[in-house]
1. Enter the accessible area of B:Lys63 (Å², nearest 10), with the probe set to 1.4 Å and all protein chains included.
2. Can you give me the orientation-averaged projected area of the convex hull built on the Cα atoms of chain B, in nm²?
3. With 21 Å as the limit, write out which pairs from B:Lys226/B:Lys260; B:Lys464/B:Lys518; A:Lys320/A:Lys345 have Cα-Cα distances beyond it, or answer none.
4. Got a number for the accessible area of A:Thr72? Probe 1.4 Å, square angstrom, nearest 10.
5. R0 = 25 Å: FRET efficiency of A:Ser140 with B:Tyr440, Cβ-based, nearest 0.05?
6. Counting only Cα, what are the radius of gyration and maximum Cα-Cα distance Dmax of segment A:253-362, in Å?
7. Test of understanding: express the Cα radius of gyration of chain A as a ratio to 2.2 N^0.38 Å, with N the residue count.
8. A:Ala313 to A:His35: extension gain in nm, 0.36 nm per residue of separation minus the Cα-Cα distance?
Amino acid sequence: MSVTSVTSELPTLELDGDHVPFSLGETIYEVAQRHACEIPTLCYDERLDPLGGCRLCVVEVEGFRSPVASCTTKAVAGMKVRTSTDAVEKHRRTLLELVVSENPKARIDPLRGAASQELTVLRNRYDVDGSRFEGKTSGSTRHDDKNPFIARDYDQCISCYRCVRVCAEREGDYAISVMNRGFDTQITTEFNGLLDDSDCTYCGQCVQTCPTGALGDAKAMRAQDDPAPLKATRSVCSYCGVGCGVDLLSKGDKLVGIRPARDGGANAGALCVKGQFAFDFVQHSDRLTEPLVRKDGELRPVSWDEVLDRAAAGFAKAAKDHGRHSVYAVASGRAPHESTYTLQKQIRGAFGTNYIDNCSRA
Amino acid sequence: MSNPLSDMEEPDVIFCIGTNMTECHPVAATRLHQARRRGATLIVADPRRITLAKRADIYLPLKVGTDVALLLGMAHVIAREGLVDSAFIESRTLEADAFLEHIKAFTPEWAEGICEVPAVDIERAALAYARGRRGAVYYTLGITEHICGVDNVQSLCNLVLMTGHIGRAGTGINPMRGQNNIQGAGDAGGLPNNYPGFQSVEKPEFQKKFSALYGRQIDGECGITKVRALEYAVDGKMNAMLICGENTLVSDPDRKHCEKALRALDHLVVVDIFLTETAELADVVLPASAWGETDGVYANTERRVQRVRAAVPPQGQAKPEWWIMSQLAKRLGVSGFEYESAADVFNELCEVSPIYKGLNWERAGAASYHWPVPYDGHPGTPRLHEETFPSKTGRGTFKRIEYREPAEVVDDEYPVWLTTGRRLQHYHTRTMTARAGMQYFVPEETLEVHPKDVEAWGLTDGGKVRMASRRGAVELTVEATDRSPRGTVFGSFGFGDTAVDDLTGAGYDPVTETAELKVCVVRLQPAVPYSEPVA
Ligand code: SF4
Ligand code: SF4
Ligand code: FES
């Protein structure tokens, strides 16, 4: 087979007994992930520079006295790596116990954010309840920050700095930073104030990367008590021309939140404040819910049949009285292709003119 | 865009002009940030000290409406320093000699006299852009919404052609589209000059094809633009209009003129999700299903074709627009509207459009194709112009552009420049964002004025100002900020109550009929007479 000839050109390392190829520059974690090894992580987000902070991703490498963090250690040809020995698993469990002991026991609703279940999942996997190192906490919740978008529940914070890193590395906003060290660590803004008074743009990226739910999508969390199952529907943002991939979160017939699509071709997991938070218009009470026709100067609700008859009759009359060039259509730059396609087909098919334009000129 | 969004992480020189990217296309800005982190040089040309300008390595604070002068100056420097890509010019362009002769007159010092950017900075920017291995240009409405919009774009094309920064990763000339599916509105044939898939209505072969498809003879000449149609309406030459999902009244320049036009119609039908200011003038209002309730297809600014999906049922009796149009068409006696789903409609669009030929509803679901996708099995075209340009000769032609003044220039009566734009949290006429909690950020429209001008003109930060142009007047709250340069004020459009656009719209680009929304001249005075504070 030709596969061997291709792979033989790449360096290899030994991963849990298997010889696997890798590309120069890859970390042990990246190689292991490709081979479906289940190495736990907390401070890792593939879009960010690896930090090596939580050390949950440790593995054993032959010739090294202590385990190394796989997310920051580069793969080297001939390396012998073991990802889940008893010693490593014990080490991880102890680390996790320490981390978890900082947090009050609380159910973290998945509506808080895309990564919000990461710590909960590991807690269950390692069966850690947090009682072993009781009494130590780091970070305290900012009850005073009443912005309607981002809950800052730092009692749940584990100091992985993913929020600070995503804000700096991906957004370039540098709105949040780390204050103090150790058990006094606190994620904060300049002058330790409210997000409103910082450079925060409310893009929500920190919320979506937080592995504990310490940062929560406050708008989505309004639906926490709704018992209906949470459904995600892949779509595209309704605002600008970038076309970010999103998942629409719904419970029953209610739209409850938005999540950026990590695999969105245009956005690669990013969103802005509009895409992330400005969806309430869909089910707003101001929505037009009935067809309307002007009668005696007032717009009044009528049936679809009547409204369509009236709309069509008006166009037919204009064309009959003033010629087919007296009818014009304006297509929408917001509606989907099918809207404009049927609109232009109607104008061209009914009147034989090219009397149509869209709103791109203004 | 000539290049895909992912290419925004690749350039080593970035030239942003007339784009407030961190506010209007924030996610695109996050991709540029990745190039910056790898050491790319950022050049920003904008009258206002926007966030992007603060992040720039080279900032060019040009006077509003003088882009052509700046770009001519840059072209001059590139040619003078021998930084033109001769191999590229030789193999891919036309009329280079005449162009290089033309720009000899336009020194950076000449440009400085018009655009007020120091000549040394024009030199620096030109050298940086030309010396980069991968240089990419990004622009938006700040370039096109001028009477010289086409000249501006052509001037950028000249820079791209002389340096060969096109057709490769991390290069190109990249307009960023404003609305989610404005690209799709053109793709699907919502244009007076093109059938779906940009097939010209003036070409007999396409005219024949679509006349046969749509079951009647269609005019062989272009229709008129919306701007012209509104003028006709005022003159009584247009009688009926069908407006789909656009708050024309608030988004258009010169609101009074627009309102007059719409009121003059015998029959106005509006399809929308809210009773907008425009819908309130209508004879018939048809409720459309909204985003989140509708299945369909969008094409983004990089021509990526993607599906939107319904997650919740439509509110009340709202219906998808394709259904509404089909019902109307049937009543107008047109056949060929027996669609049962959005998929049926989209598949027909693909069949009749060569650039969509290789796509269908299923494939659009992958969200990974950039048109053109000319045949089944074609991978799509994320990057344009790799080998040729879309012209008869396949070559790009240099154009000899001259600088022209905006339709209005400051004078004694109207001594201040007004320029308009958008705010991060808002979108067009705010019909959506204002109903989605975004008024949290900008509860009231403000007029940005330089602090020294606030003082010089007797205004107060947070106080009211009355701003008048030749077309109207509005009252606004003053925000003192050095984002605006001295002598130029900024307001955003999209607030029905203070509509800054009542004032703009002094002229149109003669080619595209795009309104000059970016510049007009105004005079300002405190709205409440100033009185000495009591000591
Ligand atoms: S919302 Fe965005 S800008 Fe604000 S702190 Fe989070 S990542 Fe930074
Ligand atoms: S708030 Fe969340 S993302 Fe930020 S450091 Fe704490 S746990 Fe990590
Ligand atoms: S994931 Fe590697 S150190 Fe945290």
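The values are calculated or read from the model by the stated rules, or taken from the named source; none is laboratory data. Note that the structure is predicted; figures quoted are calculated from it, not measured. No Cβ is skipped: glycine too gets one built from the backbone with ideal geometry, and neighbour counts run over all protein chains shown. To get the accessible areas, we keep the full protein, side chains included, count just its heavy atoms, and leave off ligands, DNA and RNA. Shrake-Rupley method; radii C 1.70, N 1.55, O 1.52, S 1.80 Å.
1. 60 Å²
2. Working: hull surface 109.4 nm².
Projected over every direction and averaged, the Cα hull of chain B covers 27.3 nm².
3. On the way: B:Lys226/B:Lys260 14 Å; B:Lys464/B:Lys518 23 Å; A:Lys320/A:Lys345 19 Å.
As for pairs spanning more than 21 Å Cα to Cα, those are B:Lys464/B:Lys518.
4. It works out to around 60 Å².
5. On the way: r = 25 Å, r/R0 = 1.00.
Working from the Cβ atoms, E equals 0.50.
6. In Å, with Rg to one decimal and Dmax whole: 19.2, 56.
7. On the way: Rg = 27.7 Å, N = 362, 2.2 N^0.38 = 20.6 Å.
Chain A yields a ratio of 1.34.
8. Details: separation 278, 0.36 × 278 = 100.08 nm, distance 6.57 nm.
Gain on extension, A:Ala313 to A:His35, equals 93.5 nm.
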